[in-house]
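S.K.: Following this message is one structure expressed as structure tokens.
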Amino acid sequence: MTIKENLQEIKNTFKNPDCLLVAVSKTKPVEDLQEAYDAGIRDFGENKVQELTDKQPQLPTDIRWHMIGHLQRNKVKYIAPFVHLIHGVDSLKLLKEIDKQAKKADRTIPCLLQVHIAEEDSKFGFDENELVQLIQSGELESLANVKIQGLMGMATFTEDQDQIRREFAGLKSLFEKLKTLSLPPNMKLDELSMGMSGDYFIAQEEGSTMVRIGSAIFGARNYN
């Protein structure tokens, strides 16, 4: 099947048609991204800064680039001038660096705070107490060049769909709970980014507003 056919099939299976599809294009050649673009995709996700900065100048300027991987502070400056949304903000230090580089680029960068919901230790993110403390600390108010738009989480890599559903439901519950707090002016909880190729059905049923789909669109990744 072509990329266009894959995209159509995915869209046909969406539980929530308003959910944003971010095409995860890591390891894929520019030609594949152009094919997805021609099929109507405008949101592309990359998990490595080097790959993102290589591809960005080669493709149409109206693409919205999402940084979905673990972002190191020393790499923020390379994507600050153009990145549309940073999904995996997992520390205040990183948020401060994004604010600093956004100011240099004379723009405001939208971000999602990553929450650790999986059982694996390899996943990054805040826990509930850390998030509440961060919101109530007053630290966020001074970051004039970032806008926190919501939360992001990755479920455990498992065949157990009940566990995946529990983890997504827990994140949605936290999302709603945080909305009841007194949020700083630069924090607006509109987006809940959860769900990938293997679990986006469940994520949408549990309230995801944004799913990150790669292999179901582009085929298996090439890590050579």
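The values are calculated or read from the model by the stated rules, or taken from the named source; none is laboratory data. Small disclaimer: the values here were computed from a predicted structure and weren't measured. No Cβ is skipped: glycine too gets one built from the backbone with ideal geometry, and neighbour counts run over all protein chains shown.
S.K.: Out of the stretch 35-56, which residues are assigned to a helix (DSSP H, G or I) and either more than 19 Å from Lys11 (Cβ to Cβ) or β-branched (Val, Ile, Thr) (or both)?
M.R.: Across the stretch 35-56, the qualifying residues are Val49, Gln50, Glu51, Leu52, Thr53, Asp54, Lys55, Gln56.
S.K.: Can you give me the ranges of the strands (runs of 3 or more DSSP E) entirely in the stretch 118-224 with at least 3 residues that are of a type in the set (D, E, K, R) and under 17 Å from the mean Cα position of the chain (by Cα)? Don't jump to the end; show me each part of the working.
M.R.: Details: elements: 146-153, 187-193, 210-213.
Fully inside the stretch 118-224 and qualifying: 187-193.
S.K.: Continuing with this model, one more query. Could you list, in sequence order, the residues of the stretch 125-141 that are in contact with a Pro (Cβ under 6 Å, 6 or more places away or on another chain) and either of a type in the set (A, V, I, L, M) or surrounded by 13 or more Cβ atoms within 10 Å (Cβ to Cβ) (or both)?
M.R.: Taking the stretch 125-141 first, the residues in contact with a Pro (Cβ under 6 Å, 6 or more places away or on another chain) are 140-141.
Correct list: Leu140 only.
S.K.: Tally time: how many residues in the stretch 3-36 are free of Cβ contacts under 8 Å to residues at least 60 places away in the same chain and either among the β-branched types (Val, Ile, Thr) or closer than 21 Å to Gln56 by Cβ (or both)?
M.R.: The number of residues fulfilling the criteria is 6.
S.K.: Consider only pairs whose beta carbons are under 7 Å apart and that are at least six residues apart or on different chains; among these, list those whose first residue lies in the stretch 188-212 and is at pLDDT below 95 and whose second residue is assigned to a loop (DSSP other than H, G, I, E, B) and aliphatic (A, V, I, L, M).
M.R.: Hits for this filter: Asp199/Ala155.
S.K.: From the list Gly88, Gly69, which residue is closer than 18 Å to Met210 by Cα, part of a strand (DSSP E or B) and of a type in the set (Gly, Ala, Ser)? Quick ask: steps written out before the conclusion?
M.R.: On the way: Gly69 fails: part of a strand (DSSP E or B).
Going through Gly88, Gly69 in turn, just one is closer than 18 Å to Met210 by Cα, part of a strand (DSSP E or B) and of a type in the set (Gly, Ala, Ser): Gly88.
S.K.: Criterion first (buried (at least 21 other Cβ atoms within 10 Å of the Cβ) and either out of contact with any Pro (no Cβ under 9 Å at 6 or more places or on another chain) or more than 17 Å from His70 (Cα to Cα) (or both)) does His87 satisfy it?
M.R.: On the way: buried (at least 21 other Cβ atoms within 10 Å of the Cβ): yes; either out of contact with any Pro (no Cβ under 9 Å at 6 or more places or on another chain) or more than 17 Å from His70 (Cα to Cα) (or both): yes.
Judged against the criteria, His87 is a match.
S.K.: Same structure, new question: Would you please list the contacts, defined by Cβ atoms under 7 Å and residues six or more apart or on different chains, that run from a residue in the stretch 40-58 that is more than 20 Å from Lys4 (Cβ to Cβ) to a residue that is polar (S, T, N, Q) and crowded, with 19+ Cβ neighbours inside 10 Å?
M.R.: Close Cβ pairs (under 7 Å, with a partner that is polar (S, T, N, Q) and crowded, with 19+ Cβ neighbours inside 10 Å) amount to Glu46/Ser25.
S.K.: Just to be sure before I move on: is Glu128 acidic (Asp, Glu) and within 23 Å of Asn186 (Cα to Cα) in the structure I sent? Don't jump to the end; show me each part of the working.
M.R.: Details: acidic (Asp, Glu): yes; within 23 Å of Asn186 (Cα to Cα): yes.
Yes; evaluated as a whole, the condition is true for this residue.
S.K.: Check off (1) of a type outside the set (S, T, N, Q); (2) in contact (Cβ under 8 Å) with a residue 40 or more places away in the chain; (3) closer than 20 Å to Met194 by Cβ; (4) surrounded by fewer than 19 Cβ atoms within 10 Å (Cβ to Cβ) for Arg64 and give me the number that stays unchecked.
M.R.: Of (1) of a type outside the set (S, T, N, Q); (2) in contact (Cβ under 8 Å) with a residue 40 or more places away in the chain; (3) closer than 20 Å to Met194 by Cβ; (4) surrounded by fewer than 19 Cβ atoms within 10 Å (Cβ to Cβ), only one is false for Arg64: (2).
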